[in-house]
Amino acid sequence: MGAADARPELAERDELRNVRTVASLQRRLERLPDSHPASPRYVRETRGPAEPDVRPLTDPEHADHVTQVRSLLDKAQAAGLSTDRQYTIDEENEIWSDEREAMHDALVNDLYSRAASVPNDYEAVIAGGIAGAGKTTVLSDYAGIDLSRYLMINPDLIKEEMAQRGLVPEVDGLTPMEASELVHEESSAIAKRLAHRAHADGKNVIWDVTMANAASTEKRISSLTDAGYQRILGLFVDIPVDVSSRRVDSRHREGHDQYRAGIGLGGRYLRPEMTAAQQDAEWGTRNRATFERVKHRFDGWSLYDNSIDGRAPVLVESYQSAHRR
């Protein structure tokens, strides 16, 4: 049998293996108790009745908890618990195991099905800003973007979906969202997979990203252009590094207090040094520097300042082209 004759047989065998993997995974999920985050019957918002005597952590208690979180994450990383090390089968940690691929398929299918009513108008928005900038609020409440007309692609939201499905490694002492650092690479891979499917259909998309990396932002714009998108808008929400650090810590603390009261999956922890590394001498943040570098490629763009708590975001500058691509 020649190579050409063997290809259909190999394709059928691979397809059968994928079907069996998905079926096996589905049977395992169905056997899970309702209280397990990966169970199809799991209730998203609550884990159980709140303890009547649970109170928010004091400042010293929160500081001690953050120290513990850092230590536990360091140990988990050193032990190879990040999913790109546990569940990939190549030396570059880019090819996922069959079972993990099946989980990715299920997650992407679910996310895409939720966007069934989103039009395929080949329109995109790339929203950037350092963590804590408030991009979603600006998009929906100030920039006039109807979020129902777009599929939101955000690796951080995918981390939450993974936590709900029990795909984040369990680490004693950490909430699921505190441990979500361990799925950082995997959530990015799933986001790209979701985007690839949307681009193929011309589905309207919003990329909610930090714009920390200029090269990846340029590549994201190019991928949309190559897919035939007719209008690509840019939006950037600007805040200083110190404001970002404070808001990120506040969100983590609030989410953790809710988790202790039986609500949610905890607050996501972001290492302070990652935020501090975004400092830029000219533009304040590397994220803003990226936006300034790429904004000429957008068909229209808006720049907002959201650096003052309690004040509405301020539109600093904008540009709108009169022409579609």
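The values are calculated or read from the model by the stated rules, or taken from the named source; none is laboratory data. Note that the coordinates shown come from a computational prediction; the quantities given were computed from them, not determined experimentally. When we count neighbours, we look across all protein chains shown, and the Cβ atoms used for this are built from the backbone with ideal geometry, even at glycine.
Some points to look at:
- Residue in the range 141-152 that is buried (at least 20 other Cβ atoms within 10 Å of the Cβ) and over 30 Å from Val294 (Cα atoms) present: no
- Odd one out for Thr175 among (1) within 30 Å of His65 (Cα to Cα); (2) hydroxyl-bearing (Ser, Thr, Tyr); (3) surrounded by fewer than 22 Cβ atoms within 10 Å (Cβ to Cβ); (4) in contact with a Leu (Cβ under 9 Å, 6 or more places away or on another chain): (3)
- Checklist (1) in a helix (DSSP H, G or I); (2) closer than 30 Å to Leu233 by Cα; (3) in contact (Cβ under 8 Å) with a residue 60 or more places away in the chain applied to Gln77, failing item: (2)
- Qualifying residue in the range 257-273 (condition: without any contact (Cβ under 8 Å) to a residue 12 or more places away in the chain and assigned to a helix (DSSP H, G or I)): yes
- When residues of the range 281-309 are limited to those that are among the aliphatic types (A, V, I, L, M) and outside any helix (DSSP H, G or I), the one surrounded by the most Cβ atoms within 10 Å (Cβ to Cβ): Leu303
A quick yes/no check of all residues on (1) of a type outside the set (A, V, I, L, M); (2) within 28 Å of Arg297 (Cβ to Cβ); (3) surrounded by fewer than 23 Cβ atoms within 10 Å (Cβ to Cβ):
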site: Val171; (1), (2), (3): no, no, yes
site: Arg193; (1), (2), (3): yes, yes, yes
site: Asn204; (1), (2), (3): yes, yes, yes
site: Ala227; (1), (2), (3): no, yes, yes
site: Gly234; (1), (2), (3): yes, yes, no
site: Arg251; (1), (2), (3): yes, no, yes
site: His256; (1), (2), (3): yes, no, no
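- Tabulated pairs, the range 88-117, first at positive phi, second charged (D, E, K, R) and not in a loop (DSSP other than H, G, I, E, B), C-beta under 7 angstrom, 6+ apart or interchain: Asn93/Asp84; Asn93/Arg85
- Restricting the range 27-62 to residues that are assigned to a helix (DSSP H, G or I) and surrounded by 13 or more Cβ atoms within 10 Å (Cβ to Cβ) leaves a set whose member that is modelled with the lowest pLDDT is Leu29.
- Condition check for Arg311: out of contact with any Asp or Glu (no Cβ under 6 Å at 6 or more places or on another chain) and of a type outside the set (Gly, Ala, Ser): yes
- Positions within the range 118-162 being among the aromatic types (Phe, Trp, Tyr) and in contact (Cβ under 8 Å) with a residue 60 or more places away in the chain, in sequence order: Tyr122, Tyr142
- Subset tally (residues that are farther than 28 Å from Ala163 by Cα, acidic (Asp, Glu) and in contact (Cβ under 8 Å) with a residue 40 or more places away in the chain) for the range 222-256: 1
- Applying the set (1) touching a Ser or Thr at 6+ places or on another chain (Cβ under 9 Å); (2) surrounded by fewer than 17 Cβ atoms within 10 Å (Cβ to Cβ); (3) part of a loop (DSSP other than H, G, I, E, B) to Ala116 leaves exactly one unmet item: (1).
- Residues in the range 262-289 that are closer than 22 Å to Glu218 by Cα and in contact with a Gly (Cβ under 7 Å, 6 or more places away or on another chain): Asn287 only.
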